[in-house]
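Q: Take this structure, written in structure tokens, and hold onto it; I'll ask about it next.
None of the figures in this text is laboratory data; all of them are computed from the coordinates on show. Everything quoted here is computed from the prediction, not taken from an experiment. Cβ placement follows ideal geometry from the backbone for every residue including glycine, while neighbour counts extend to all protein chains displayed.
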Amino acid sequence: MTGHLITGGRVVTPDGVLDPGWVLVEDGTIGALGAGAPGADSPPVQDVVDVAGAWVVPGFVDIHCHGGGGESFTSPDPDRVRRAVLAHRRHGTTTLLASLVSRPVPELVRQIGGLSELVGDGLLTGIHLEGPFLSAARCGAHDPSILRPPDPDSVAALLAAGKGTIRMVTIAPELDGALHAVKRLVSAGVLAAIGHTDATEAEVLPAIDAGASVATHLFNGMRPLHHREPGPIGTLLDDERVTVELICDLVHVHPSVLRMAARHAGVERTVLITDAIAAAGVGDGVYDVGGLAVTVTDGVPTLAGGASLAGSTLTMDAAFRNLVRGCGLSVREAVAATSTQPAELLGLSKVTGRLAAGLTADLVVLDESLRPTGVMHQGSWVED
Ligand SMILES: [Zn+2]
Ligand SMILES: [Zn+2]
């Protein structure tokens, strides 16, 4: 006998919360779901799990993550990359892009080559390149000596190395050649994201017109908002064509500003990311991020000797919790921001991101305090 039946939980679907509701999983897929108790004609299953009082939400989709479980996606060792993926999966992430920080193009080409095989194996969903086409003035934890304009040869070399696995590239739109690069990426089916930028509104708008559609961690690594110069923050947040990433650790962005941004962008344009580094799921200490030493104190990573934040130690379940508990948004809004909208952005809305019959059985059971008590990935319970 195969299949699983989950009963008694508050099942969050696109049409509302089934409370209580049930979910039937067959062959890795959501076979059916409904309110109340399953009917007597329900097929026999391998296990029935009663999750009374808990939330059942779709598996999390993280489109910006550098590592976890002590490992970085820059590692050439597939087992170490796997450890990072599994560290996040235990916290509910069932779809993941591996983000790479700025490195010289030949080194990135090597890193992409290794990761693209793991995308082919299904461990990762794709690759996000955060740089090296970023502004040195807003470099954050990227080595400024490596940053460069997006010349066509470099863009072509990176895309070629990815063999279709690069799903998003972050670019500062004020750099020479940026608009051409945005168009090249979009025509290759790659999301062009705007980030680590000192651009003015007049420099951001043409990039959006050229097809850029994502704001890389809105607020962080950007020229600040000014009421007479909206810069990247005001321009990206206000433009209906742009989805905004938010780091919801309540440290990178103040809770009231997070709430303001999420409310302004609305459920269809808000996406939570972890921007996690290797320290996620491990603890405090000193870590290497793209060649720079990063110190993690009380869960907050900063560049050694400096005040700049250097990624986070978030996992998606914590981001979800923070949005609800720390910012006052609803569970349904949190589901949209952690699963439905990032899946949509990746073109995966018919595969994952919602609890609906026919989609992949990626789901998370969250207790009353929104902590995960069970994670299902492609129809199998993930082990601790
Ligand atoms: Zn960044
Ligand atoms: Zn990042």
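Q: By its C-alpha gyration tensor, with a ≥ b ≥ c as the square roots of the eigenvalues, how is the stretch 275-317 shaped: rounded for a/c under 1.5, else prolate for a/b larger than b/c, else oblate? List each step's numbers first, then the result.
A: Values: a/c = 1.69, a/b = 1.60, b/c = 1.06.
Verdict is prolate for the stretch 275-317.
Q: Relative to the Cα centre, what is the charge dipole magnitude of the stretch 11-133, using +1 at the beta carbon of each Lys and Arg, -1 at the beta carbon of each Asp and Glu, and rounding to the nearest 20 debye?
A: Working: 7 positive and 15 negative charges, 114 e Å.
With Lys and Arg at +1 and Asp and Glu at -1, about 540 debye.
Q: Which GluC sites (Glu not before Pro) from the stretch 329-384 combine a DSSP loop assignment with at most 15 other Cβ atoms within 10 Å? Kindly include the intermediate steps, with their values, before the conclusion.
A: Values: sites: Glu333, Glu344, Glu368, Glu383; in loops: Glu368, Glu383.
When the GluC sites (Glu not before Pro) of the stretch 329-384 are filtered for loop state and at most 15 Cβ neighbours within 10 Å, Glu368, Glu383 remain.
Q: While we're looking at this one, here's another question. About its Cα centre, what dipole magnitude does the chain give when the only charges are +1 on Lys and Arg Cβ and -1 on Asp and Glu Cβ, stated in debye to the nearest 20?
A: Details: 26 positive and 43 negative charges, 58 e Å.
Using only the charged Cβ atoms, the result is roughly 280 debye.
Q: Further question: To two decimal places, what compactness ratio does the stretch 1-134 give when its Cα radius of gyration is scaled by 2.2 N^0.38 Å?
A: 1.36
Q: Let me ask something else. Taking K and R as +1 and D and E as -1, what net charge do the other residues with C-beta under 15 Å from the C-beta of Leu359 add up to?
A: Charge balance in the 15 Å sphere: -3.
Q: Under a point spin-label approximation (7 Å from Cα along Cα-to-Cβ), what is the Thr373-Ala137 distance to one decimal in nm?
A: Result: 5.2 nm between the two label points.
Q: Can you give me the P(r) profile for the stretch 270-343? Cα pairs, bins 10 angstrom wide beginning at 0, each as a whole percent.
A: Here the calculated profile for the stretch 270-343 is 20, 41, 28, 10, 0.
Q: Calculate, in whole percent, how much of the Cα-Cα pair population of the stretch 79-224 lies beyond 26 Å.
A: Percentage above 26 Å: 22.
Q: Using a Gaussian network model of the chain whose springs link C-alpha atoms within less than 10 Å, name the residue from Pro44, Pro372, Pro20 with the highest mean-square fluctuation.
A: Pro44
Q: Can you tell me how much longer the chain between Met260 and Asp209 gets when fully stretched, taken as 0.36 nm per residue apart minus their C-alpha distance, in nm with one decimal? Numbers along the way, then the final one.
A: Values: separation 51, 0.36 × 51 = 18.36 nm, distance 2.49 nm.
Contour length minus Cα-Cα distance gives 15.9 nm.
Q: Determine the calculated [θ] at 222 nm for the chain from helices alone, applying -39500 (n - 2.57) to every DSSP H run no shorter than 4 residues and normalising by the residue count; nearest 500 deg cm²/dmol.
A: Values: 10 runs with 93 residues, N = 384.
Taken over the chain, the calculation gives -7000 deg cm²/dmol.
Q: Tell me which trypsin sites (Lys or Arg not before Pro) from the stretch 164-252 have a DSSP coil assignment and no more than 10 other beta carbons within 10 Å of their own. Intermediate values should be presented prior to the final figure.
A: Values: sites: Arg167, Lys183, Arg184, Arg228, Arg241; in loops: Arg228, Arg241.
Counting only loop positions with at most 10 other Cβ atoms within 10 Å, the trypsin sites (Lys or Arg not before Pro) in the stretch 164-252 are Arg228.
Q: Sticking with this structure for a sec: Could you state the number of Å between the C-alpha centres of the stretch 257-335 and the stretch 125-158?
A: 21 Å
Q: Hey, got the dipole for the stretch 92-187? About the Cα centre, +1 on K and R Cβ, -1 on D and E Cβ, debye to the nearest 20? Please list the in-between numbers first.
A: Details: 8 positive and 9 negative charges, 30 e Å.
Rounded to the nearest 20 debye, it is 140 debye.
Q: Just want the answer: with Cβ charges of +1 for Lys and Arg and -1 for Asp and Glu, which residue in Thr297, Ile277, Gly326 is farthest toward the dipole's positive end in the stretch 248-358?
A: Working it through, the farthest residue towards the positive pole turns out to be Gly326.
Q: Can you compute 3J(HN,Hα) from phi for each residue in the stretch 348-359, using the Karplus curve 6.51 cos²θ - 1.76 cosθ + 1.60 with θ = phi - 60°, rounded to whole Hz and x for Gly and Pro?
A: Going residue by residue, I get 10, 5, 8, 10, 8, x, 8, 9, 8, 4, x, 8 Hz, with x marking Gly and Pro.
Q: Just subtract the alpha-carbon distance of Ala37 and His226 from 0.36 nm times their residue separation and send over the number in nm, one decimal. Let's see the in-between values first.
A: Working: separation 189, 0.36 × 189 = 68.04 nm, distance 5.37 nm.
The span from Ala37 to His226 would gain 62.7 nm if fully extended.
Q: Just to confirm my numbers, what's the Cα centroid distance between the stretch 367-381 and the stretch 90-107 in Å?
A: Centre-to-centre (Cα) distance: 23 Å.
Q: Which residue fluctuates the most in the chain, going by a Gaussian network model with Cα springs under 10 Å, if the choices are His226, His91, His196?
A: Checking each option, the largest mean-square fluctuation is seen for His226.
Q: Moving to a separate point now. When a/c reaches 1.5 or more, the comparison of a/b and b/c decides; with that in mind, is the stretch 225-384 rounded, prolate or oblate per its Cα gyration tensor? Numbers along the way, then the final one.
A: Details: a/c = 1.82, a/b = 1.13, b/c = 1.61.
Here the stretch 225-384 falls in the oblate category.
Q: Per residue, how big is the convex hull around the C-alpha atoms of the chain? Give it to me in cubic angstrom, could you?
A: Details: hull volume 47.0 nm³, N = 384.
Value for the chain: 123 Å³ per residue.
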